[in-house]
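Novice: Could you have a look at this structure, given as structure tokens, before my questions?
The values are calculated or read from the model by the stated rules, or taken from the named source; none is laboratory data. If you're wondering where the values come from, they're calculated on a predicted model, not measured in any experiment. Methodologically, a virtual Cβ is constructed for each residue, glycine included, from the backbone with ideal geometry; neighbour enumeration extends over all protein chains shown.
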Amino acid sequence: MVTPFCARGQQPGGTLTSTLASQGLAGAKLERRYGNHLLVPVSINNRRGALMIDTGSPYTLIDRNSVNTFGLTVEKTDSSVGGLFGRAWERYGTSKVKSIAMGNCMVTNVPVAIADLSGMNPDRSAIATGSHISDSKAMAHFNGVLGAREMGKFGMIIDCTRQMLYINPNGASSAVSQSLASFLSGRGFTRVPMRLNSNAHFDVEGSLNGHATRFLVDTGSATTLIDTQVAVKSGTGVTALAGYGAGGAGGLMEGVNRASVKELAIGNFKLANAEVVVAHISGDILLSKSAAESNA
């Protein structure tokens, strides 16, 4: 359930904010920090925190180190923590959050997964960009990720450029989607169909140098990441980056390399000389056993 709990002022006509406000959506300001991640300041069970906006996570997840802070009761499961680089020995826990307040809305009775995210929370002193919180050190530790299930359920819209998250208190609406599509197409945006695949991940059709593939839509990734085998098959030259690595769920690390793709297409939208990162990605994520659902 989502409850709007404060009134919204009128915005100038013709803006995305005013268009969505007229459809009943509430907004929450985002912050870009930790390199290139979007976080939303929240209040979880009336305790301040921050969640990363992560469309690549099927479920909302809370850091195991924040369980006591938010007063959560955790039940054990037999499911291994997994992500881009495979599965770890750690097992997921589950819990239910009474309330998550963000911006003008409150989400209630949210089922969440529990896992150790300490590897994603190293000590950092960088100031958040676009922050409306005076002391960034108060949120040096983010407490989890806002996952795709809640985003889809409540028709959330992410504005990466203006760093805003919009939430529909009435739930996902095809009418709102059509209105938004019309608004954006009139301003030169290219619409790319997106689906929820059998792994509960959002993906889109695309290609690398003319080689058809599918891309996972993952706002939790700071860069565009291509599987090594997919990159090689597409004729993409790879430059080694000694000593560089990327972290995934369960504390798993993987060495990464750099590459420049001559043409990267997302639907009908094409990018020339796209800079990407290359690494070995788990087959569970790529769905490589099914050609129709293979992802880059």
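Novice: Picking from T108, T73, T94, which residue would you name as being farther than 17 Å from Y59 by Cβ, modelled with pLDDT of 90 or more and not assigned by TED's automatic domain parsing to the domain that holds I226?
Specialist: T73
Novice: If a residue must be in contact (Cβ under 8 Å) with a residue 60 or more places away in the chain, buried (at least 17 other Cβ atoms within 10 Å of the Cβ) and among the hydroxyl-bearing types (S, T, Y), how many such residues does the stretch 212-229 contain?
Specialist: Result for the stretch 212-229: 3.
Novice: Of these, L20, L38, which one is at pLDDT 90 or above and under 15 Å from the mean Cα position of the chain (by Cα)? Full working, then the answer.
Specialist: Details: L20 fails: under 15 Å from the mean Cα position of the chain (by Cα).
L38 is the lone residue from the list that is at pLDDT 90 or above and under 15 Å from the mean Cα position of the chain (by Cα).
Novice: Then there's this: Please determine, by comparing only the residues of the stretch 237-282 that are part of a loop (DSSP other than H, G, I, E, B) and modelled with pLDDT of 80 or more, which one is farthest from G144 (Cα to Cα).
Specialist: Of the stretch 237-282, the ones part of a loop (DSSP other than H, G, I, E, B) are 237, 248, 252, 267-268, 280-282.
After this cut, where a residue has to be modelled with pLDDT of 80 or more as well, the list is 267-268.
Values: G267: 31, N268: 34 Å.
Looking at the filtered set, the residue picked out is N268.
Novice: I'm trying to understand the selection: among the residues of the stretch 193-211, which are assigned to a loop (DSSP other than H, G, I, E, B) and free of Cβ contacts under 8 Å to residues at least 40 places away in the same chain?
Specialist: Within the stretch 193-211, just M194 meets the criteria.
Novice: Next question. For the stretch 49-65, which positions are outside any strand (DSSP E or B), over 9 Å from the mean Cα position of the chain (by Cα) and of a type outside the set (S, T, Y)?
Specialist: P58, R64, N65 - these are the residues of the stretch 49-65 that are outside any strand (DSSP E or B), over 9 Å from the mean Cα position of the chain (by Cα) and of a type outside the set (S, T, Y).
Novice: Sticking with this one: Being under 20 Å from T219 (Cα atoms) and either at pLDDT 95 or above or in a loop (DSSP other than H, G, I, E, B) (or both) is the requirement here; does S177 meet it? Before you say what the answer is, go through the steps one by one.
Specialist: Numbers: under 20 Å from T219 (Cα atoms): yes; either at pLDDT 95 or above or in a loop (DSSP other than H, G, I, E, B) (or both): no.
In short, no.
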